[in-house]
Amino acid sequence: KVGWNGIIALTSIARRRHQMHPSLTREGEVGKLMEPIIEICERPDESDREAILAALDSYNIEVGGPYHYEPVAVLIRESETGQTLGGLWGECLYDWLFIKLLFVPKQLRGRRIGTRLIQTAEQFARVRDCVGIWLDTYEFQAPAFYQSMGYEVFGSLPDHPKGSRRYFLRKMLAGD
């Protein structure tokens, strides 16, 4: 059994020369692929994430076209101080709005604030000609709430967390 202390290095050899990336060759060895190191890092650096993201973004834009990425927040603010108490955080990507976060403080629940957050996000998505909205929620959170607003389950992940389920929901906006 291999322990997870620090970094575990495994190696992999890429053999297909026609898919070779120029940065994978050693200087002065045109046509020869370097042998990459595959490693697990338990405390990755943000620069590692950025390197992966930059390469993925470049590929996605080349193949799928521009993202048209736009973050959106629908905030619940304290009326006197303007402090953010909760709200909705999402992002438009390609032709969909993804609702990443939604939180209504306990003392404000039961006042249809969650409904107003979703409706506002839906208006935002329509103005930006989004095809639909998608989100994920846990079984112990609010799947019934989203379903009552016209969202349908398109997938689920059992035992996430163990003994519960994670749901993936969507709502198509075209024609509604």
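The values are calculated or read from the model by the stated rules, or taken from the named source; none is laboratory data. Note that this is a predicted model, so its numbers are computed, not measured. Counting neighbours? That spans all protein chains shown, and the Cβs are built from the backbone with ideal geometry, glycine included.
Restricting attention to segment 46-72, report how many residues are assigned to a loop (DSSP other than H, G, I, E, B) and either modelled with pLDDT of 95 or more or among the hydrophobic types (A, V, I, L, M, F, W, C) (or both).
So in segment 46-72, the residues assigned to a loop (DSSP other than H, G, I, E, B) come out as 65-69.
Remaining after also requiring either modelled with pLDDT of 95 or more or among the hydrophobic types (A, V, I, L, M, F, W, C) (or both): none.
Matching residues across segment 46-72 total 0.
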Filter result (within 20 Å of L135 (Cβ to Cβ), in contact with a Leu (Cβ under 9 Å, 6 or more places away or on another chain) and without any contact (Cβ under 8 Å) to a residue 24 or more places away in the chain) within segment 53-83 = A73, L75
